Amino acid sequence: MTISISSWGRLTADQHKIVSVTSLEAVPRNHKLKGLPFGNGRSYGDVCLNPDGELWLMRGLDKFITLDPYNGLITCEAGVLLKDIQRLVIPHGWMLPVTPGTQLITVGGAIANDIHGKNHHVFGSFGDHIKSLTLLRTDKELIVCGPEINQDWFSATVGGMGLTGIISQATLKLRPIQGPWLETVNVPFTQLKDFFNLADTSEAEWEYTVSWIDCLNGRGRGVFMRANHVEHEESVIKSSSSLSIPMVPPISFVNKLSLRLFNSVYYRRQSRKRVKQLVHYEPFFYPLDNIQNWNRIYGSKGFYQYQSVLPRSVGYEGVREMLKTISTAGEGSFLAVLKTFGDRQAAGMMSFPMPGVTLALDFPNKGKRTLDLLRSLDDIVRDANGKIYTAKDSRMPRDLFESGYPRLEEFLKYRDPGISSSMSLRLMGY
């Protein structure tokens, strides 16, 4: 069957030949048409697309295999959503150590993109908590790998963009928690240097640290948010309202006027939350998950997500220059997120996190105007010896990819010749 599929950024709607995978026997192998494992489609760019080949829809591999509630180990198939794991293990006093800004992604996607969260300085990235995984190659070879077995295959697959084979299942190490509640504090700041001071003074005592930043303000004002797990007797969870964007508007709802209004209201509202508050983990970790199809607000042309990381030594200067460039261009980001990465070695050859500061931005697609802005941001990242996150990219230049991921040549030895993607064709040539 052939259908039109977009990534979450909705920049293109390409025709794909799809195959629904409900068992490993259903995965096409030794096929002339190259394929690509596809999870829940939450990658923003073209890492999850393969319009000249097949997409293997992995959500059918959604079974839990084992749960060890005493040692905090869970084994499941790669199509299981992080949301389903959280709902299963939290009542037993466990939680995934690392999740991104949405829990609506698959385990396979989390591994392939080595996702990170708001607590990298404590728990690193998703790959740091995988005990083992099973990789199915298109030549029918089955490889079990992990930190202590076939480490080279493990390192290539974590953050490997789905290009080393089909991740069929994984065993994950969970972390203990006291319950689903967090104690949070918001600290407003008026200039960029305050963010770095807050990060330096908060990371020793707070597990989760992240900042929203106002790109249109010019001075780098924002709100620094920090949180810790806390024990609380309350068991009743107030249900949060769920909204939905029912249709794609002909023009983007995200524009200079709406951004200025949103940023002003959001800054004032969040600044009031200076005292400690008790918050359930879902709205803190995944604020947009209750808005179905929120990506439609950018209109029919879609949007670009741009996330970079800069070394800490040049982080302040680099982020300041990026914010200045965005402000000068008259653009802004709906939800600009600024946070730090800890000083730790990444689990994968092609993992994104490195010691430094990372800024995530989104821009409505305005054609050449937007692409010119992104190229200017590329120059700043390049000069700072930084890198761009492949899970959110759809247009980074090849030289920036190669400089940002210096283990590329080593990684290519582990690529599965039966798998390709739009990104691999664009950045690796095949």
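Here are a few things to note about the model shown:
- Over all distinct Cα-Cα pairs of the chain, the Kirkwood formula returns a hydrodynamic radius of 22.1 Å.
- Separation of alpha-carbon centers, region 207-224 and region 12-86, rounded to whole Å: 35 Å
- The 1.4 Å probe gives accessible areas that order PHE411, PHE334, largest first, as PHE334, PHE411.
- The trypsin sites (Lys or Arg not before Pro) of region 126-175 meeting both criteria, a DSSP state outside H, G, I, E and B (loop) and at most 13 other C-beta atoms within 10 angstrom of the site's C-beta, are LYS140.
- Exposure ranking of LEU142, LEU278 by accessible area [1.4 Å probe, largest first]: LEU142, LEU278
- Loop-located GluC sites (Glu not before Pro) in region 50-151 whose Cβ has at most 12 other Cβ within 10 Å (DSSP): GLU141, GLU148
- Size descriptor for region 21-91, Kirkwood hydrodynamic radius: 13.9 Å (Cα pairs only, one decimal).
- Average accessible surface area per residue within the chain, 1.4 Å rolling probe, Å²: 42 Å²
- Tensor-based shape of region 334-381 (alpha-carbon gyration tensor, a/c under 1.5 rounded, otherwise prolate or oblate): prolate
- Along its first, second and third principal axes, ordered by size, region 105-196 spans 56, 32, 23 Å in Cα coordinates.
- Average Cα contact separation per residue, region 32-157, under 8 Å, 6 or more apart, as relative contact order %: 16 percent
- Among beta bridges identified by DSSP and lying wholly in the chain, the antiparallel ones come to about 90 percent.
- Relative contact order of the chain, taken over Cα pairs closer than 8 Å and 6 or more residues apart, is 19 percent.
- In plain terms, the C-alpha convex hull of region 75-152 casts an average shadow of 5.9 nm² when viewed from every direction.
- Comparing ALA112, ALA26, ALA346 in a Gaussian network model of the chain where C-alpha atoms under 10 Å apart are linked, the largest mean-square fluctuation is found at ALA26.
- Rounded percent of accessible protein surface that carbon and sulfur make up, region 288-408, 1.4 Å probe: 48 percent
- 3J(HN,Hα) from dihedral phi, region 342-347, Karplus parametrisation 6.51/-1.76/1.60, rounded to Hz, x for glycine, proline: x, 8, 8, 6, 6, 6
The values are calculated or read from the model by the stated rules, or taken from the named source; none is laboratory data. Since the structure is predicted, the reported quantities are computational estimates derived from the model, not experimental observations. Virtual Cβ from ideal backbone geometry, glycine too; neighbours counted across all protein chains shown. SASA here: full protein model, heavy atoms, side chains in, ligands and nucleic acids out. Shrake-Rupley method; radii C 1.70, N 1.55, O 1.52, S 1.80 Å.
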